[in-house]
Amino acid sequence: MTPQSYNSYNYSYVFGEQPKRQYRIRWSQKEVKHIGIAAALVIGIGFSIGVYGNLSGSFWPQWTGDIMAVFAVIMTTSFLVHEIAHKVMAQKSGMWAEFRLTTWGALLTLFSVFLPFKMIAPGAMMIGGQTPSDKNYLKISIAGVITNMIFGVTFLFLTFALPVSTYSGMLMFSAYINSFMALFNLIPFGVLDGYKIFSMNKLVWVLAFIPSVALSVITYLLM
């Protein structure tokens, strides 16, 4: 298998009045609608990766429709859990946090369904409230990366724990994709999580970056 090209997702802050601390996760109808549309777009990306992988000869044996469907669910879950992890940590810190589609991000994600290059950026977690403490800000920033690393390790384990089957290659590819998502988001640049983490605590960034590099290299070589 060969890796695809990916752009990732992020979140943004809008500082303002601090809401009351929340002890349960809150969802609005608007947010649920936006998440549903984003999920549909990412599902399309999942199927598209399978189709282009088959056409290019990157996947052998070639993926069947059911393998593509499972991978699309994995891709969508990886994306949503990353975003929800930011939301959970933000709301536990007493901040407002809801997912919103972005026009250009959603359009680019839609267009990339039909292109070899894949863009996964239909929207972002919007976070508002007073500036959180450094500790909470760090937790919010690193939460998404940790979820992708956990998924990467989990799918790597399942690849070897389960009997060899036509799904084995897809599970290893899923491990690689999640590892790469974690690594990409840790790049200390622009709006990526890595820039926020690196700016706040370089040691934490290093402790997250090194295993994400190792996991990405291992899963890539094993594909």
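The values are calculated or read from the model by the stated rules, or taken from the named source; none is laboratory data. Keep in mind that what you see is a predicted model, and the values were worked out from it rather than measured. For neighbour counting, all protein chains shown are included, and Cβ atoms are generated from backbone atoms with ideal geometry for every residue, glycine included. The accessibility values were calculated without ligands, DNA or RNA, using every heavy atom of the protein model including side chains. Shrake-Rupley method; radii C 1.70, N 1.55, O 1.52, S 1.80 Å.
For the reader, a short list of remarks on this structure follows.
- Heavy-atom surface analysis with a 1.4 Å probe gives segment 133-222 a carbon and sulfur content of 79 percent of its accessible area.
- Peptides 161-169, 66-74, 143-151, 44-52 ranked from most to least packed, by the mean per-residue count of other Cβ atoms within 10 Å: 143-151, 44-52, 66-74, 161-169.
- Taking the DSSP beta bridges with both ends in the chain, the antiparallel portion is around 45 percent.
- Val51/Ser133 FRET efficiency (R0 35 Å; Cβ-Cβ; nearest 0.05): 0.15
- Size of charge dipole - segment 66-162 - debye, nearest 20, with Cβ of Lys, Arg +1 and Asp, Glu -1, no other charges: 200 debye
- Computed extension length for Gln29-Leu110: 26.9 nm, one decimal, from 0.36 nm per residue of separation with the Cα-Cα distance subtracted.
- Accessible-area ranking of Trp63, Trp205, largest first, probe 1.4 Å: Trp205, Trp63
- Gyration tensor (alpha-carbon) shape descriptor, segment 75-115, a/c threshold 1.5: oblate
- Amide H contacts of Phe99 (H built 1.01 Å from N, in plane; Pro and chain starts excluded): Met126 sit under 5 Å, all sequence-distant by 5 or more or on other chains.
- Summed over qualifying helices (DSSP H, 4 residues or more, each -39500 (n - 2.57)) and divided by its residue number, the chain shows a 222 nm mean residue ellipticity of -22000 deg cm²/dmol.
- Accessible solvent surface per residue of the chain, calculated while the other protein chains remain in place, 1.4 angstrom probe, Å²: 48 Å²
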